[in-house]
């Protein structure tokens, strides 16, 4: 069964309880940051990995200090990179992104995953784009299914909810470059649920056609700074 998107996939509100900034869930309430009245800063660790999911306010340098986070790498997926961003790969939520742009984001995340130091992956709300890229990264690196990887994110970020169109990009990537369990089957399931009308048959065929396995990314230790020009919502 495919994952069900929230009724408003671009909603940026956060309703989790505020937590002290010493554990795996860290927040700054709106009235305690310079962004009073807006969404609070939020970051959550994924299991015991040096990998965190966050919203855009969390990766402002002044908020990282309050959150007691000192990331070596910050991968930003939303429209505008933050001051702490080291790798910039803008993606659009609720859209089928250019597949190469999505692949670049995941491969950057996989390289950072293999390096030492804390990595934060953020989008605007820390719900859809960042969750999708993190889940694809964990699935590829650890041989998990995409859904299992999302479940791990949900342990500390219950609102993590990759949009179905982003899931298509993730599953296309996983089916092409890894032996991720059930990636091809789930890709067909989700793509078919979105593109079920007859006039979409050609698009559906294009989406589920995985003809060639691409090599996995190198275990690079060098600096990378994404440069995708793909717009974001």
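Where a number appears in this text, it was derived from the coordinates with a stated rule and is not lab data. Model, not experiment: these values are computed from the prediction. Cβ placement follows ideal geometry from the backbone for every residue including glycine, while neighbour counts extend to all protein chains displayed.
Tabulated data for the structure shown
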item	result
Virtual spin-label span in nm between residue 204 and residue 94, 7 Å along Cα→Cβ	2.4 nm
Cα-based shape type of the stretch 90-133, given that a ≥ b ≥ c are square roots of the gyration tensor eigenvalues and the cut on a/c is 1.5	oblate
Efficiency of FRET between residue 179 and residue 21 - r from beta-carbon atoms, R0 35 angstrom, step 0.05	0.35
Stretchable slack from residue 66 to residue 196, in nm (0.36 nm times residue separation minus alpha-carbon distance)	42.0 nm
Gyration tensor over alpha-carbon atoms, the stretch 25-163, equivalent ellipsoid semi-axes in Å	22, 16, 15
Antiparallel DSSP beta bridges within the stretch 25-163, percent to nearest 5	40 percent
Extension gain from residue 118 to residue 49, taking 0.36 nm per residue of separation minus the Cα-Cα distance	24.0 nm
